[in-house]
Amino acid sequence: MIAIYKKLPKTNCGKCGAATCMAFALKVKTAQALLSDCPYVAAETALECEEKGPSPFSNFEQVADALEKEAVTRDFPKMAGATGCRFEAIEGRESIAIRMLQRDYVLRKDGLFESSLPCRDVWARIIICDYLRRMGTRPMTGDLITLGHFPHTASHVKAFQSNAEKKISDRFGRDMSGLNERCSELGGKETTGQVKADFSCRFDLLPHVQLFLSFWQADEEFDAGCKLLFDSSASDHIDIEYLAYLVERFVEELAAA
Ligand code: SF4
């Protein structure tokens, strides 16, 4: 990320859509943006970086291309019905509307679109197209489990705890009303009963993938704590690695501001 940051003007002008050059460098590193999205990076520099392959970006982009190609060939009405999305056919043009992290996307036969433009966010393309083409069938079970309880997740658990759960408890340790406010801004619905916590909230990450946030605020004796839980059916609807990444992105938004 620092290597990318060094190529930027460091003026934090915001024209790339990121609040700062450092935030933009992180987006490039995690394949959510291209270096050429900064209008102040010389075209030759951007081209040189993108041609230096195989880079993580080019790998992710290949995955996104493959998943998108597969998703657009599927039966749209069937896929929308199975995934809880809205199907439309206007003048013979089929589309599926899907919401992820408070943003609206549309899959058409010519690809995935965001705000009527081809979606440039590689990870959104990967996660949405994979979710749609899977057409998971398992209904929600009501059993809430941590990421580590899904199979083959041992290598992700530590990173997930520090990039997601610890980040929330550090940021909102003594500010539960701030957490409550951010959760409702991000579409969360306060819940009670499932987990005994000071504050619990449910989010629809995707139509059939829910996230349950449980939070215990800090007091004189204990540090703040946070647990992020999922319905045990989630692995039928989304690849668990993608789920971990999606939640980390969600936490970045939650902790921002
Ligand atoms: S457009 Fe370029 S200079 Fe401006 S904030 Fe983004 S990365 Fe920084």
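No lab work stands behind these numbers, since they all come straight from the coordinates. The structure displayed is predicted, hence computed values, not measured ones. Here the Cβ positions follow ideal geometry from the backbone for every residue, glycine too, while neighbour counts run over all protein chains shown.
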Q: Would you calculate, for the chain, the mean residue ellipticity at 222 nm contributed by helices, counting each DSSP H stretch of 4 or more residues as -39,500 (n - 2.57) and dividing by all residues, to the nearest 500?
A: -12000 deg cm²/dmol
Q | Student exercise, the chain dipole from Lys, Arg, Asp, Glu Cβ charges, in Debye to nearest 20 | A | 300
**Q.** GNM flexibility winner over the chain from VAL209, VAL122, VAL157 (Cα, springs under 10 Å)
**A.** VAL157
Q) Extent of the stretch 51-182 along each principal axis, from alpha carbon coordinates, in Å, largest to smallest? A) 54, 43, 31
Q: Quick one: go through the stretch 135-174 and flag any residue whose amide nitrogen is under 12 Å from the point 7 Å out along the Cα-to-Cβ line of GLU70.
A: 135
Q: Taking 7 Å along the Cα-to-C-beta vector as the label spot, tell me the LEU47-LYS29 distance in nanometres, rounded to one decimal.
A: 2.8
(Q) 7 Å from Cα along Cα→Cβ at both ARG93 and THR141: what's the point-to-point distance in nm? (A) 4.2
Q) Which pairs in the list LYS166/LYS189; LYS6/LYS167; LYS189/LYS227; LYS27/LYS109; LYS167/LYS227 are over 19 Å apart, alpha-carbon to alpha-carbon? A) LYS166/LYS189; LYS6/LYS167; LYS27/LYS109
Q. Among all the aspartates and glutamates, which ones have a C-alpha under 13 Å from LYS78's C-alpha, if same-chain residues fewer than 8 places away are not counted?
A. GLU88, GLU94
Q) Which whole-number percent gives the relative contact order of the stretch 2-52, counting Cα pairs below 8 Å spaced six or more residues apart? A) 30
Q.
From the gyration tensor of the Cα coordinates in the stretch 2-52, what semi-axes in whole Å does the equivalent ellipsoid have, largest first, with each one equal to sqrt(5λ)?
A. 16, 12, 9
Q. Give me the Kirkwood hydrodynamic radius of the chain in Å, from all C-alpha pairs, to one decimal place?
A. 19.8
Q. Applying the Karplus parametrisation 6.51 cos²θ - 1.76 cosθ + 1.60 with θ = phi - 60° to the phi angles of the stretch 225-234, what ³J(HN,Hα) value in whole Hz is obtained for each residue in order, glycine and proline being reported as x?
A. x, 9, 10, 10, 10, 9, 5, 5, 7, 4
Q) Given a cut-off of under 8 Å on Cα pairs at least six residues apart, what relative contact order in percent is computed for the chain? A) 16
Q) Over all pairs of distinct alpha carbons, what does the Kirkwood formula give as the hydrodynamic radius of the stretch 144-255, in Å? A) 14.1
Q.
Report the gain in length on full extension from SER116 to ASP219: 0.36 nm times residue separation, minus Cα-Cα distance, nm rounded to one decimal.
A. 32.3 nm
